[in-house]
Amino acid sequence: MILFRLTIDWEDIKGEGGVISIFAKRVAKGEPLTIFGDGGQTRDFIYAGDIANGIVHALTTEHTNTAYNLSTQTETSLNDLVAIFGKAVGRELHPAHEDAREGDIYRSMLANKKAKASLHWQPEVSLEEGLRRTVAYFASAEL
């Protein structure tokens, strides 16, 4: 048995739960972005294809009966995320800020050293490239 702990993947196509899909859909449509709080909140964003790749690597490992974190092991603030979105689409973005939402976690990141060593896996898609792909998807999709 293998247990996976995942960080934030951003390919929630309906845009209901994740900041990446919500922002990507809005950027693709040219709509304004809103950050709740000061934007210093951090998340460890990982491309869904990298998660799938980690799971494939786990199918052949001898290192079972354990848990692995599939993550980038990188904290990215929401303010930095907006800047990276802007870089990915070639324009500067200026989000509005509203009051923080009660219960939101301020910092989140998982260490991936064990997955790298035991599964011979690592994330391959950069945040900027993943955002570029995601915005392109939303720009071409009829959702």
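The values are calculated or read from the model by the stated rules, or taken from the named source; none is laboratory data. Computed from a prediction, not measured in an experiment: that's the story for all the values here. Every residue, glycine as well, gets a Cβ built from its backbone with ideal geometry; the counts of neighbours run over all protein chains shown. What goes into the accessible areas is simple: the full protein's heavy atoms, side chains included, and nothing from ligands, DNA or RNA. Shrake-Rupley method; radii C 1.70, N 1.55, O 1.52, S 1.80 Å.
Values computed for the structure shown
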{"quantity": "Criterion violated by GLU128 - all others in (1) crowded, with 16+ Cβ neighbours inside 10 Å; (2) in contact (Cβ under 8 Å) with a residue 24 or more places away in the chain; (3) part of a helix (DSSP H, G or I) satisfied", "calculated": "(1)"}
{"quantity": "Top-ranked residue in region 105-125 [being out of contact with any strand residue (DSSP E or B) (no Cβ under 7 Å at 6 or more places or on another chain) and open to solvent by 50 Å² or more (accessible area, probe 1.4 Å); ranked as nearest to THR60 (Cα to Cα)]", "calculated": "HIS120"}
{"quantity": "Top-ranked residue in region 112-135 [being in contact with a helix residue (DSSP H, G or I) (Cβ under 8 Å, 6 or more places away or on another chain) and of a type in the set (A, V, I, L, M, F, W, C); ranked as farthest from PHE4 (Cα to Cα)]", "calculated": "VAL135"}
